């Protein structure tokens, strides 16, 4: 083969190689990972009465979320669940379970703040505040100062809030949620269960379709 | 001789960079929903508002960039022209500077790291260093 022929050959090989890489990666991404354990697909621990819940108890649809207040992905999804609450609030029940990741410095402190607010019946108000102002407190060196500020904003008795935040029960509750999540083999946050089955969605429209499918059952 | 080895290393790194960027692009476009993983950081970086330039995901631009680098290096290995050498090294330096910008964006603006972005950016910076070295040797 002459030099020109060799050159053409090399370019053809490069084109084939690059195309193969693209196709191979596409196959790797779109093929869902095989899970050996059915635990990851269905909710292992049923919803209990004393959990952080919102919405009607008789709702046809129950959404359990394992979440981390400092996780940007959770904040992204917060906007979707909030919209769902506005549009289908009477038909959907939301359950929040803590899964603060170790990589997020203030995640546990925020979880405790939410639980402490819960002692005054304002868990969800603090929940909303934490997600809406995530940028602010999560990047601060002194997250506690912001959290106390939010307690004032949502009308909590701040003295009681600060005192409650020290209670070992709050830590135990968060630990218990983490233990459940670990048993469930949660890989990351947020992880959603819709009527006990794990679900994935990328947009509000997809979430709406999933919920409507359950409502129409 | 040594110069040749460096060029081959740049080619190998560019192929690795291409694989990485293609994976990230496909994941951004059709992949699973964004998540913060227990052990490998958040997808948030790859989905943040900074991940899109002129309406195109940066990961896709990265894939095109590494494909162009592969083409330029291969062309230089075949023809060994001065112009080919300049194109190869300038593109590598541009890529390295852009990678440094992306490092800074993750560290100071987004405040989070994405594994595949870091791999791509590291390759970009190493290729720039090798290109600068080649230019000094060439002089």
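Every number here is computed from the coordinates shown, using simple stated rules; none is lab data. Being a predicted model, the structure only gives us computed values, none of them experimental. Counting neighbours? That spans all protein chains shown, and the Cβs are built from the backbone with ideal geometry, glycine included.
Just a few scattered comments:
- Going by neighbour counts of Cβ atoms within 10 Å, the residues B:30, A:211 line up, fewest first, as B:30, A:211.
- Helix-only mean residue ellipticity at 222 nm for chain A, each DSSP H run of n ≥ 4 adding -39500 (n - 2.57), per residue, nearest 500: -17500 deg cm²/dmol
- Calculated SAXS-style log₁₀ I(q)/I(0) at q = 0.10, 0.13, 0.17 Å⁻¹ - region B:2-138, Debye, Cα scatterers: -0.34, -0.55, -0.86
- Other protein chain C-beta atoms within 10 Å of residue C-beta, averaged over A:5-15: 2.
- Exposure proxy ranking for B:80, A:197, based on other Cβ atoms within 10 angstrom of each Cβ and starting from the fewest, stands as B:80, A:197.
- Working note: 222 nm ellipticity from helices only, DSSP H runs with n ≥ 4, each -39,500 (n - 2.57), summed and divided by the residues of chain B, gives -25500 deg cm²/dmol to the nearest 500.
- Antiparallel content of DSSP bridges confined to the protein assembly as shown, in %, to 5: 70 percent
- Applying Stokes-Einstein at 20 °C and 1.002 mPa s to the Kirkwood radius of region A:61-217, computed over alpha-carbon pairs, gives a translational diffusion coefficient of 133 µm² s⁻¹.
- Candidates B:122, B:74, B:35, ranked by Gaussian network fluctuation over chain B, Cα under 10 Å, top entry: B:35
- Remark: A:156, A:215 ranked as A:215, A:156, counting other beta-carbon atoms within 10 Å and listing the fewest first.
- Taking the inverse of the mean reciprocal distance over all distinct Cα pairs, the Kirkwood hydrodynamic radius of the protein assembly as shown comes to 23.1 Å.
- Debye intensity ratio I(q)/I(0), log10, region A:38-103, q values 0.28 Å⁻¹ (C-alpha model): -1.28
- Per-residue mean of C-beta atoms belonging to partner chains within 10 Å, peptide B:9-20: 1
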